[in-house]
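**Q** Got a structure for you, written out below as structure tokens; questions coming shortly.
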Amino acid sequence: MLKDKHGKNLSAAQVAQKGLNRLSAIWLELVTGFLWWGVGETPLHHVRRFFYRLAGSKIGKGSSIHMRVRFYDPRGVHIGEDSIIGERVVLDGRAPLIIGNHVDIATGAMIFNSQHDIRDAQFSAIEGKVVIEDYVFIGPNVVVLPGVTIGKGAVVGAGAVVTKDVAAGSVVGGIPAKVIGDRGLSEYSYRLGRARWFQ
């Protein structure tokens, strides 16, 4: 009789399901590895966008993803129109990651929607949908944790760690991120424009 990692006996159906899950995980690792090492190093937005869409990401018109972006399951990543994802950003698609229109995410930001439960004896994963609404700016090296919604027009300052929802139009910063100001706008009409082709 086969046992799981906790010593519990497994039925034949459970063994078969675990085998399928393992094959699926290996396939996903191959896909994300190709996106990271192959596609992510290609210095053409159009080529990268083609492969990210082919891998299952939804990417709106006019949006661009800079080089060396890391996807954790591209199938869960949805990006609106006219949004820019900077270099070396982590986009976690293990649960839904919804990025709106005209969103600017700067270099090195990490957006996670899965983490370990440190209070669980099995150290199980906890997943939570992340929503980044229209006209948000996320500064360099920001960390966004699972289950967070960042409201329309909000600004997250460089290096902040976002652990809870951010109100629309607010400016937050720090660890953990707290309100440090207000954007002072009720209407937004700008477009981010064309990104550099070879970045």
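The values are calculated or read from the model by the stated rules, or taken from the named source; none is laboratory data. Values in this document were obtained by computation on a predicted structure and should not be read as measured data. With ideal geometry, Cβ positions are generated from the backbone for all residues, glycine too; neighbour counts draw on all protein chains shown.
**Q** Residues I84, I65, I79, I59: which one is of a type in the set (A, V, I, L, M), crowded, with 17+ Cβ neighbours inside 10 Å, in contact with an Asp or Glu (Cβ under 8 Å, 6 or more places away or on another chain) and under 26 Å from F198 (Cβ atoms)?
**A** Answer to the check: I84.
**Q** Go through (1) over 30 Å from S186 (Cβ atoms); (2) of a type in the set (S, T, N, Q); (3) surrounded by fewer than 22 Cβ atoms within 10 Å (Cβ to Cβ) and name the single condition T107 misses.
**A** (1)
**Q** Can you confirm whether F50 is of a type in the set (F, W, Y) and touching a residue at least 24 places away in the same chain (Cβ under 8 Å)?
**A** no
**Q** Scan the range 117-140 and report the pairs whose first residue is farther than 30 Å from R191 by Cβ and whose second residue is of a type in the set (V, I, T), with Cβ atoms within less than 7 Å and a gap of 6+ or a chain change.
**A** Correct list of pairs: D117/I126.
**Q** Still on this structure, I have one more. Tally up the residues in the range 53-82 that are touching a residue at least 60 places away in the same chain (Cβ under 8 Å) and within 21 Å of G147 (Cβ to Cβ), please.
**A** Looking only at that region, the number is 0.
For every residue, the table says whether it meets (1) small (G, A, S); (2) surrounded by fewer than 23 Cβ atoms within 10 Å (Cβ to Cβ); (3) on the phi > 0 side of the Ramachandran plot.
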site: N101; (1), (2), (3): no, yes, no
site: F112; (1), (2), (3): no, yes, no
site: I126; (1), (2), (3): no, yes, no
site: F137; (1), (2), (3): no, yes, no
site: P146; (1), (2), (3): no, yes, no
site: G157; (1), (2), (3): yes, yes, no
site: K164; (1), (2), (3): no, yes, no
site: G169; (1), (2), (3): yes, yes, yes
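**Q** Of everything in the range 133-181, what is among the polar types (S, T, N, Q), more than 14 Å from I105 (Cα to Cα) and either outside any strand (DSSP E or B) or in contact with a Ser or Thr (Cβ under 9 Å, 6 or more places away or on another chain) (or both)? Give them in sequence order. Outline the logic, then answer.
**A** Step one: of the range 133-181, the residues among the polar types (S, T, N, Q) are 141, 149, 163, 170.
Going one step further and asking which of them are more than 14 Å from I105 (Cα to Cα), we end up with 149, 163, 170.
If the condition is that a residue be among the polar types (S, T, N, Q), more than 14 Å from I105 (Cα to Cα) and either outside any strand (DSSP E or B) or in contact with a Ser or Thr (Cβ under 9 Å, 6 or more places away or on another chain) (or both), then T163 is the only one that fits.
**Q** Quick check: is even one residue across the range 123-130 closer than 30 Å to F51 by Cβ and either basic (K, R) or assigned to a loop (DSSP other than H, G, I, E, B) (or both)?
**A** Yes, the range 123-130 has at least one match.
**Q** Among the residues of the range 96-110, are any among the polar types (S, T, N, Q), more than 30 Å from S24 (Cα to Cα), touching a Leu at 6+ places or on another chain (Cβ under 6 Å) and modelled with pLDDT of 95 or more?
**A** From the range 96-110, those among the polar types (S, T, N, Q) are 101, 107; that's our starting set.
If we keep only those that are more than 30 Å from S24 (Cα to Cα) as well, we get 101, 107.
Retained after the next criterion (residues that are touching a Leu at 6+ places or on another chain (Cβ under 6 Å)): none.
No: the range 96-110 contains no residue that is among the polar types (S, T, N, Q), more than 30 Å from S24 (Cα to Cα), touching a Leu at 6+ places or on another chain (Cβ under 6 Å) and modelled with pLDDT of 95 or more.
**Q** Something else now. Of all residues in the range 123-158, count the ones that are touching a Lys or Arg at 6+ places or on another chain (Cβ under 9 Å) and polar (S, T, N, Q).
**A** Residues flagged as touching a Lys or Arg at 6+ places or on another chain (Cβ under 9 Å) and polar (S, T, N, Q) within the range 123-158 amount to 1.
**Q** In addition: Quick check, is R88 in contact with a His (Cβ under 9 Å, 6 or more places away or on another chain) and without any contact (Cβ under 8 Å) to a residue 40 or more places away in the chain?
**A** yes
**Q** Tell me the residue from L91, L28 that is among the aliphatic types (A, V, I, L, M) and surrounded by fewer than 20 Cβ atoms within 10 Å (Cβ to Cβ), please.
**A** After applying the criteria, what remains is L28.
**Q** For residues in the range 1-49 being within 30 Å of S64 (Cβ to Cβ) and acidic (D, E), which is nearest to the chain's Cα centre (by Cα)?
**A** Out of the qualifying residues, it is E29.
**Q** Still on this structure: Restricting attention to the range 182-195, which residues are part of a loop (DSSP other than H, G, I, E, B), surrounded by 10 or more Cβ atoms within 10 Å (Cβ to Cβ) and charged (D, E, K, R)?
**A** Listed by number, the residues that qualify are R183, R191, R194.
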